[in-house]
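Quick notes on the structure that follows.
The values are calculated or read from the model by the stated rules, or taken from the named source; none is laboratory data. Model, not experiment: these values are computed from the prediction. For neighbour counting, all protein chains shown are included, and Cβ atoms are generated from backbone atoms with ideal geometry for every residue, glycine included.
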Amino acid sequence: MDDIILQDRDSRIDKVEADMLSTFPALDLKTRDFFTDGLYAREMLIPIEDYDFIFITSEIHKTEHMFVVLKGSLIVSTDDGDPVLIKAPYMGMTKPGTRRVALALEDTIWTTIHANPDNETAEQIRERIIEKHINPLITDELKGKMLAAKNKFEITL
């Protein structure tokens with residue numbers, strides 16, 4: 001995808017992310033890591049609980065990999081700008097450069113699956129597959145809100 005298009009997309013997602021953090025409570029969504037020889041899966045649990053919906057923004061992915069929605073439903077942005085409704089069970093593909101905004105409508109389990117030929121740790125894999133990006137619109141106040149959410153959100157799915 002053209003760099004200018006990606007920069008524009010990232011600017012728009014940065015704005016959405018900052019607006020969401022300014023308006024809604026910050027949540028620390030829990031993840032679980034699964035390993036087998038040559039493969040790594042990262043599961044994100046998105047419990048709706050007392051909310052009507054939960055907004056999520058993704059990181060920027062450097063690699064092509066599969067993802068599976070095992071439970072729930074979400075409205076998800078696509079790289080061409082058209083949102084799609086994803087309902088479990090669903091399997092999809094993430095292309096390099098992808099960054100998403102999602103609106104979870106019910107308790108959801110989203111799992112990404114990655115090659116791990118060198119049997120790296122989760123931290124090493126994330127370093128390899130995630131593009132570094134700092135949202136310039138996240139103020140110190142919003143960072144504090146995000147930090148305050150850490151370890152205060154227990155998930156029971």
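When the residues of the stretch 66-85 are filtered to those that are in contact with a Pro (Cβ under 8 Å, 6 or more places away or on another chain) and farther than 20 Å from I13 by Cα, which remaining residue is surrounded by the fewest Cβ atoms within 10 Å (Cβ to Cβ)? Top of the filtered list is L70.
Residue pairs whose Cβ atoms lie under 8 Å apart, sitting 6 or more positions apart in sequence or on different chains, and linking a residue in the stretch 86-114 that is closer than 17 Å to E49 by Cα to a partner that is in a strand (DSSP E or B) and among the basic types (K, R), are D107/K71; T108/K71; I109/K71. On inspection, E64 does not qualify as at pLDDT 80 or above and either touching a helix residue (DSSP H, G or I) at 6+ places or on another chain (Cβ under 9 Å) or under 17 Å from E106 (Cβ atoms) (or both). Within the stretch 32-59, if we keep just the residues that are under 21 Å from I75 (Cβ atoms) and of a type in the set (V, I, T), the residue that is surrounded by the most Cβ atoms within 10 Å (Cβ to Cβ) turns out to be I46.
Here's a check for you: in the stretch 17-39, which residue that is under 14 Å from W110 (Cα atoms) and of a type outside the set (A, V, I, L, M) is modelled with the lowest pLDDT? Before the answer, list the steps.
So the first thing to find is which residues in the stretch 17-39 are under 14 Å from W110 (Cα atoms), and the list is 29-34.
Subset that is of a type outside the set (A, V, I, L, M): 30-34.
Values: K30: 86, T31: 91, R32: 96, D33: 97, F34: 97.
That would be K30.
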